[in-house]
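Notes to accompany the following structure.
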Amino acid sequence: MVYNRYMKQSELEQIFTDTFAEYGDAIFRFCVFKVSTVELAEDMTQEVFTRYWQYVRDEKEMTNVRSLLYTIANNLAKDWYKKKKADSLDQKMEAGVQLSETAASPEVVASYTEVLEAIDDMDQIDKEVLLLRHVEGLLPKDIALILGESANAISVRLNRATKRLQTKLHI
């Protein structure tokens with residue numbers, strides 16, 4: 001999107017609305033994964049888009065809106081973790097995080113549970129890169145922008161995290 005200082009308020013509002021429609025659900029899912037509770041994730045998502053609105057309103061140059069939104073969300077989550085210890089997988093499930101609404105069999109649920117427990121036991125940085133790549137579908141270059149690292153470093157971390165997960169799952 002092209003921003004310039006001559007844009008009307010209605011044009012800025014449309015940019016914001018379009019961006020929210022495109023990325024709102026993904027940012028919310030990212031926040032739920034990061035903070036474990038739906039209510040806090042809703043608040044964080046609102047804060048992400050409040051900060052984004054400031055960027056739009058102030059007509060700051062943005063080259064990659066998606067990366068900006070994930071960076072804001074990631075920074076909010078980091079701030080939250082500084083204040084609170086991470087919850088266990090059981091606490092996440094009690095808080096309402098669903099494994100899958102379409103899981104038809106106990107075997108599928110057990111499989112998801114095993115994967116989630118294995119991921120939950122991993123280091124935070126491994127969880128983060130796996131989530132951004134395999135759940136949110138971001139490319140290593142986009143993850144690099146969000147985490148402030150090189151795309152090569154992210155690719156290496158993704159590869160290592162995937163191998164650690166496979167080892168945990170005996171794959």
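The values are calculated or read from the model by the stated rules, or taken from the named source; none is laboratory data. The shown structure was predicted, so the numbers you read here are calculated from the model rather than taken from an experiment. Methodologically, a virtual Cβ is constructed for each residue, glycine included, from the backbone with ideal geometry; neighbour enumeration extends over all protein chains shown.
As for segment 13-28, it holds no residue that is free of Cβ contacts under 8 Å to residues at least 24 places away in the same chain, surrounded by 16 or more Cβ atoms within 10 Å (Cβ to Cβ) and hydroxyl-bearing (S, T, Y). For segment 92-164, the helices (runs of 4 or more DSSP H) that sit wholly inside it and include 3 or more residues that are at pLDDT below 85 and of a type in the set (D, E, K, R) are 106-120, 124-130.
For segment 5-23, the criterion of being modelled with pLDDT under 85, among the aliphatic types (A, V, I, L, M), outside the structural domain of V135 (by TED's automatic domain parsing) and out of contact with any Lys or Arg (no Cβ under 8 Å at 6 or more places or on another chain) is met by at least one residue. Would you please list the contacts, defined by Cβ atoms under 6 Å and residues six or more apart or on different chains, that run from a residue in segment 152-166 that is more than 12 Å from L131 (Cβ to Cβ) to a residue that is of a type in the set (G, A, S) and part of a helix (DSSP H, G or I)? Listed by first residue and then by second, the contacts come to I154/A144.
In segment 44-78, the residue that is farthest from the chain's Cα centre (by Cα) out of those that are crowded, with 20+ Cβ neighbours inside 10 Å and among the small types (G, A, S) is A77. The condition (being over 22 Å from H134 (Cα atoms) and in a helix (DSSP H, G or I)) is satisfied by just one residue among E39, E22: E39.
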